[in-house]
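The values are calculated or read from the model by the stated rules, or taken from the named source; none is laboratory data. Every value quoted in this text rests on a predicted model; they were computed, and no experiment measured them. FYI the Cβ positions are ideal-geometry reconstructions off the backbone, even for glycines, and counts take in every protein chain you see. Just so you know, the surface numbers come from the protein's heavy atoms only, side chains and all, with ligands and any DNA or RNA stripped out. Shrake-Rupley method; radii C 1.70, N 1.55, O 1.52, S 1.80 Å.
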Amino acid sequence: MVNKFLCDFRFLLLAAAVAFIYIQMHLFTTQSKYADRLADAVEAETRCTSQMRKLIDQISMQQSRIVDLEEDKNRQDEEYSQMKALVQDLEFKGLQRRMDKLQTQVAAVVIMACNRADYLERTIKSILKHQNAVASKYPLFVSQDGSNAQVKEKALSYDQLTYMQHLDSKPLQTERPGELIAYYKIAGHYKWALDKLFYEHKFSRVIILEDDMEIAPDFFDYFEAAAALMEKDKTIMAVSSWNDNGQKQFVHDPEILYRSDFFPGLGWMLTKSTWNELSPKWPKAYPYGLQENHKGRQFIRPEVCRTYNFGEHGSSLGQFFRQYLEPIKLNDVQVDWKSKDLNYLMEDEYIKHFAAILKDAKPIYGADAVLKASNIQGDVRVQYKDQPDFERIAQQFGVFQEWKDGVPRTAYKGVVVFRHPPPRRVFLVGPKSFELLGIKGV
């Protein structure tokens, strides 16, 4: 019985052991499968995570590229806007410059220079002092005759002007004994420079200055008003800023202008249409008189000079400098020329205007004209018979005695007018002046 029980118990233990072993093997197999699946899952998760990271990195890179592209686009848009604004601004400024040139340009200003660098510098400084505010209306040029290095260097040191150089290697000879070769050089230089300014640069007007001049504060306003007058009256051949009898003791009113049959020079303006006439027949020397080319036309000149000639040493060899040029009164009053009515200078009006003031002047006869004039209140007139008689009377008063081409300096219809003493006007009247002016009964 006991043995049977022990046998059955052993059998049960064996069965339990087999079952336990089976269960353990089954568990191990199951765990192995789950471990493999778990390993596969972990590996899959790792791969997925890696791919996700790669995808995230790619997305980040794409986002960075998108941001960069957006920044590039914004930058390009900004640059485009700036470029567009710049182009528009340049187009506007270019158009404005063209409009300014068409609408407001009055005249080119050219300084005729040769070999006086110190004089040229003084002239340029005087011009720029008053020209800067109106530079678009008055483009500035320096035209040098010859190759003086100091003059060229001085001119090129100024950005506000354009430099031109006239080099003529042709030998020059005077046509008459005693003539100065310098005047032939001056005439050739003037023709070259004016041809260049009118025909190459296409200016409609040119103001000619020399390299030993200073200008008045209202110089440019004066010429602007005169340019408008020239457009209306074609009998005005040129406008000058100079009065030969403009010495301090002979002038008074800075607002008074005169017509003259004598070409004053020394700071003058002419038009292209006039130069079209003069250029083909420009003389080889002494071009300033131009009497044969006047064709009944006259010049406008001021009572008080708008230029001052300080050149004691030059082509004229100091001729008359101390007596006539050094005492010149340079206007120092800012005249508002835009508000002035200059119609009295129109040809038909001026002859009546001038005749009236001449007729009102009190006549003086006989010798001692200066003494007699000083004892009379108001304007006076003295009649001369011929050139020697004029020279005698002019010498008494101290005014210019010189004639050129049969015309006394500053004369209009043979009449020379000056102040003596200011404000009294003295009229030196030619033998045919009353007739030319239509004055009767005097």
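Of note:
- Condition check for N243: crowded, with 21+ Cβ neighbours inside 10 Å and either touching a His at 6+ places or on another chain (Cβ under 7 Å) or polar (S, T, N, Q) (or both): yes
- Filter result for S136 (open to solvent by 80 Å² or more (accessible area, probe 1.4 Å) and modelled with pLDDT under 95): no
- With respect to (1) open to solvent by 10 Å² or more (accessible area, probe 1.4 Å); (2) part of a loop (DSSP other than H, G, I, E, B), the lone exception for H353 is condition (2).
- Listed conditions (1) modelled with pLDDT of 95 or more; (2) out of contact with any helix residue (DSSP H, G or I) (no Cβ under 6 Å at 6 or more places or on another chain) are all met by I186, apart from (1).
- A count restricted to the stretch 237-259 and to residues that are part of a strand (DSSP E or B) and in contact with a Pro (Cβ under 8 Å, 6 or more places away or on another chain) stands at 4.
- Qualifying residues in the stretch 263-273 (those that are out of contact with any Cys (no Cβ under 9 Å at 6 or more places or on another chain), crowded, with 20+ Cβ neighbours inside 10 Å and modelled with pLDDT of 95 or more) - the one farthest from E210 (Cα to Cα): T271
- Leading residue by the ranking (modelled with the lowest pLDDT) among those in the stretch 90-127 that are assigned to a loop (DSSP other than H, G, I, E, B) and either touching a Phe, Trp or Tyr at 6+ places or on another chain (Cβ under 9 Å) or of a type in the set (D, E, K, R) (or both): Q105
- Only one entry of E255, E200, E231, E210 meets the criterion of being in contact with a Gly (Cβ under 9 Å, 6 or more places away or on another chain) and either under 27 Å from I328 (Cα atoms) or not β-branched (V, I, T) (or both), and that entry is E210.
- Candidate set from the stretch 323-339 (those that are buried (at least 18 other Cβ atoms within 10 Å of the Cβ) and assigned to a helix (DSSP H, G or I)); member that is modelled with the highest pLDDT: W337
Listed here are the residues, each with its yes/no results for (1) of a type in the set (A, V, I, L, M, F, W, C); (2) farther than 23 Å from Q247 by Cβ; (3) surrounded by 22 or more Cβ atoms within 10 Å (Cβ to Cβ); (4) at pLDDT 95 or above.
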| position | (1), (2), (3), (4) |
| --- | --- |
| S374 | no, no, no, no |
| V380 | yes, no, no, yes |
| E391 | no, no, no, yes |
| R409 | no, no, no, yes |
| R419 | no, no, no, yes |
| R424 | no, no, no, yes |
| F434 | yes, yes, no, yes |
| V442 | yes, yes, no, no |
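- Residue in the stretch 201-214 that is of a type in the set (S, T, N, Q) and part of a strand (DSSP E or B) present: no
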